[in-house]
1. Got a sec? How would Lys62, Lys24, Lys91 order by Cβ neighbour count within 10 Å, fewest to most?
2. With a cut-off of at most 12 other beta carbons within 10 Å, and DSSP calling the residue loop, which chymotrypsin sites (Phe, Trp or Tyr not before Pro) in the range 1-99 qualify? Please list them.
3. Need one number: nm distance between label points at Asn45 and Ser84, each 7 Å from Cα along Cα→Cβ, rounded to one decimal.
Amino acid sequence: MIVTPFGFASTADDVVDGLDLSGKQVIVTGGASGIGLEAARALANAGAEVTLAVRNLDSGEKAAADIGAAGVRVRRLDLTDRASIGVFVAKWTDRSTFSSTMRASWPCPNYREHLRGSRCSSQRTFSVTLR
């Protein structure tokens with residue numbers, strides 16, 4: 001069983017409270033709105049360099065301006081498009097000290113179907129920490 005001090009009423013600010021994320025690079029998918037935007041804001045306020053990985057660059061730029069913190073950048077990423085994923089990942093291959101937490105929303109209830117190129121309507125979310 002996983003035990004955490006956080007619950008339904010916890011916010012992204014609660015989770016990063018007291019953390020110094022200076023020098024950490026974080027990718028937030030879906031960072032242009034909703035939970036992704038608030039997570040990106042909290043991470044940036046804790047000192048992280050945040051990349052908003054978004055489908056719509058205009059929305060991403062507006063979100064970055066709304067966050068208003070230094071070190072927030074916007075990059076295009078469409079998780080339903082393998083070519084978009086490939087381009088995004090290729091831009092990170094030269095970062096030998098890349099450390100991030102990635103929240104990814106997959107538009108498919110079956111991850112294996114997604115890898116085969118299926119485009120499903122329901123959504124699955126998972127998190128991965130890369131070091």
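1. Fewest-to-most ranking of Lys62, Lys24, Lys91: Lys91, Lys62, Lys24.
2. Phe6, Phe8
3. For Asn45 paired with Ser84, the spin-label model returns 2.9 nm.
Quick note: the coordinates plus some simple rules give every number you see, no bench work behind them. Being a predicted model, the structure only gives us computed values, none of them experimental. With ideal geometry, Cβ positions are generated from the backbone for all residues, glycine too; neighbour counts draw on all protein chains shown.
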